[in-house]
Amino acid sequence: MQKLLDSTGAIIENDPWRLVTESHEITSDDKYLLLPLDLWLEQETNGTCDPTWGICLDSADEIEPLGNRLSELPCIAINFPTFMDGRGFSTARIIREQYGYEGPLRALGQIMPEQLLFLARCGFDSFIIDGQRNIPDPRIYFDEFSVTYQSSNDRPEPLFRRRA
């Protein structure tokens, strides 16, 4: 059983979003689906893409072809195929900073609890964690560091500018 956390580490109950990987899993009245990029593009081309559907990007997916359509999506998820693949961090910052996306941004896949704070600093606001992990209180991972040196999505000014 997976756990869905918000950006403070609290568990989110009753999440409406459902990840779909194949077109045969979609019915005409489905709402709040997260589709892989290629399936979302296929549905959009066919004119069958519902405005409540979001996308689930893999770390290797190119987001440039989506362009300004990114800001219109109701939810974007980024899959981390391994915990060592950091491309999702960069993709999240690009989506937030260059494309101005303000909607929900979700991290899923092989993410470690120790990465939660860094994911939040890149712009993620929800996280799906494997329920097999014994994490008594995930909120502790968001309070690990009170001061950060680098600028980020959640704090655009680096430390040296904050102290000046």
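The values are calculated or read from the model by the stated rules, or taken from the named source; none is laboratory data. Small disclaimer: the values here were computed from a predicted structure and weren't measured. Here the Cβ is made from the backbone with ideal geometry for all residues, glycine too, and neighbour counts use every protein chain on show.
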>> Quick check on my filter: what residues within the range 16-34 are among the acidic types (Asp, Glu) and either surrounded by 11 or more Cβ atoms within 10 Å (Cβ to Cβ) or in a strand (DSSP E or B) (or both)?
In response: Glu25, Asp30
>> So in the range 66-79, with the set limited to residues that are at pLDDT 95 or above and not aliphatic (A, V, I, L, M), which one is nearest to Asp6 (Cα to Cα)?
In response: Cys75
>> With at pLDDT below 95, charged (D, E, K, R) and in a helix (DSSP H, G or I) as the only criterion, which of Glu114, Glu13, Glu62 stands out?
In response: Glu114
> Taking interchain pairs and intrachain pairs at least six residues apart, which have beta carbon atoms under 7 angstrom, with the first residue in the range 60-79 and within 15 Å of Leu34 (Cα to Cα) and the second among the aromatic types (Phe, Trp, Tyr) and surrounded by 14 or more Cβ atoms within 10 Å (Cβ to Cβ)?
Replying inline: Leu70/Tyr99; Leu70/Tyr101; Cys75/Trp17; Ile76/Tyr101
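Looking at Thr21, is it of a type in the set (Val, Ile, Thr) and more than 17 Å from the chain's Cα centre (by Cα)?
The answer is no for Thr21.
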> If you check Asp6 against the conditions, is it touching a strand residue (DSSP E or B) at 6+ places or on another chain (Cβ under 7 Å) and closer than 22 Å to Ile129 by Cα?
Replying inline: yes
